[in-house]
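Participant: Dropping the structure in here first, questions after.
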There are 2 protein chains.
Amino acid sequence: MTPQRQLVLDAVRHLQHATPEQTCQWVQRTAPTVNITTIYRTLDLLEELGLVRHTHLGHGAPTYSPDEHEHIHLVCHHCGAVETVPHEVLDDLAGTIRDRSGFELDSGHVGLSGACADCTERRRG
Amino acid sequence: MTPQRQLVLDAVRHLQHATPEQTCQWVQRTAPTVNITTIYRTLDLLEELGLVRHTHLGHGAPTYSPDEHEHIHLVCHHCGAVETVPHEVLDDLAGTIRDRSGFELDSGHVGLSGACADCTERRRG
DNA sequence: TTAAGTGCAAAGAGTTTGCAAATAA
DNA sequence: TTATTTGCAAACTCTTTGCACTTAA
């Protein structure tokens, strides 16, 4: 575990849902010469080690979180707001899908897309 | 509706799940000078008109389908295989989420991630 | 004293933008 | 004509790769 790697892990734990770019900025406050390439490589490594996980929240860069931090993300495709719900709400669905085809859902890996309450309201007028 | 736009719509209807790049290649068989920029602009337009929709199936480019063609995509993050299940399997979940927070799920917009039966099997040994 | 890790530059995929030329209303 | 649409080049975001240099076992 090099200093750079420790800093990346600290950043992910501190920031929650940080993109590689955001992680880099945080790390560079302490160690300004750390390169974005190292961030990418280290995030991959930490993921293989099971210390962090990544989630695709929408069209942009993925976000990295500590491994413990697992829940479902609801991403509004009008305003971009992100809400979270406990991952247990997907247990029934995961069971249904497993029974149908043997597919094992990784429920936290992608954010679910839709319209948040505010935007739904606004569109109704 | 210009010839280019008609060709893009034909391509989406013919290909199903085509990326902008694939759509472009198909269109260029008939009209070789059509530019990828026009494909992107036309796909956006056709989506606003409600004739096509797009789905994020994974890390790469989104795929476009005719509007009628709606189902849930299950994307294996080991081998990349894509299965489909009827979108009704998400009705209960959509209801739960709506009741909890007023969020309206757009169930087909993102592919769900996980491990397909074959890869799950293989990993068990 | 060799293997592993790092920084830098460059390249790659996917996408958007500015602008002038072409086309349609 | 006047507005719209197109093609092209360039830029932009996000990510990966090659390679020389540095650090750690």
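Participant: Residues in region B:102-125 that are in a helix (DSSP H, G or I) and either of a type in the set (S, T, Y) or facing chain A (nearest Cβ under 7 Å) (or both): how many?
Facilitator: 2
Participant: Further question: Restricted to region B:53-82, and to residues that are surrounded by 13 or more Cβ atoms within 10 Å (Cβ to Cβ), more than 13 Å from DNA strand C (Cβ to nearest atom) and over 26 Å from B:E121 (Cα atoms), which residue is modelled with the lowest pLDDT?
Facilitator: For region B:53-82, the residue satisfying everything is B:H69.
Participant: Search region B:77-101 for residues that are at the interface with chain A (Cβ under 9 Å from one of its Cβ atoms) and pair each with any residue that is surrounded by fewer than 15 Cβ atoms within 10 Å (Cβ to Cβ) and in a helix (DSSP H, G or I) when their beta-carbon atoms are under 8 Å apart and the residues are at least 6 apart or on different chains.
Facilitator: B:E83/A:S101; B:V85/A:R100; B:V85/A:S101; B:V89/A:R100; B:D92/A:D92; B:L93/A:D92
Participant: In contact with a Leu (Cβ under 7 Å, 6 or more places away or on another chain) and not assigned by TED's automatic domain parsing to the domain that holds A:V8: is that true of A:G80 in this structure?
Facilitator: no
Participant: Being touching a Lys or Arg at 6+ places or on another chain (Cβ under 6 Å) and within 14 Å of DNA strand D (Cβ to nearest atom) narrows it down to one residue among A:T63, A:T42, A:T2, A:T33; which is it?
Facilitator: A:T42
Participant: Of all residues in region A:55-76 being facing chain B (nearest Cβ under 10 Å) and not in a loop (DSSP other than H, G, I, E, B), which is nearest to B:E48 (Cα to Cα)?
Facilitator: Here the residue is A:C76.
Participant: Right, something else. Could you list, in sequence order, all residues of region A:23-54 that are among the hydroxyl-bearing types (S, T, Y) and in a helix (DSSP H, G or I)?
Facilitator: The answer is A:T23, A:T30, A:T37, A:T38, A:Y40, A:T42.
Participant: Still on this structure: If we keep just the residues of region B:19-38 that are more than 8 Å from DNA strand C (Cβ to nearest atom) and in contact (Cβ under 8 Å) with a residue 24 or more places away in the chain, which is farthest from B:P3 (Cα to Cα)?
Facilitator: By that ranking, first place goes to B:T23.
Residues are listed down the side, and each one gets a yes or a no for (1) surrounded by 12 or more Cβ atoms within 10 Å (Cβ to Cβ); (2) among the basic types (K, R):
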position	(1), (2)
A:L9	yes, no
A:R13	yes, yes
A:C24	yes, no
A:V27	yes, no
A:P32	no, no
A:I36	yes, no
A:R41	yes, yes
A:D44	yes, no
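Participant: Right, next: On the basis of being more than 13 Å from DNA strand C (Cβ to nearest atom), surrounded by fewer than 19 Cβ atoms within 10 Å (Cβ to Cβ), assigned by TED's automatic domain parsing to the domain that holds A:L9 and not basic (K, R), does A:G50 make the cut?
Facilitator: When the stated conditions are applied, A:G50 passes them.
Participant: With respect to A:R53, is the statement that it is of a type in the set (K, R) and free of Cβ contacts under 8 Å to residues at least 24 places away in the same chain true?
Facilitator: When the stated conditions are applied, A:R53 does not pass them.
The values are calculated or read from the model by the stated rules, or taken from the named source; none is laboratory data. Given the structure is predicted, the values throughout are model-derived calculations rather than measurements. As a convention, Cβ positions derive from the backbone with ideal geometry for all residues, glycine included, and neighbour counts pool all protein chains shown.
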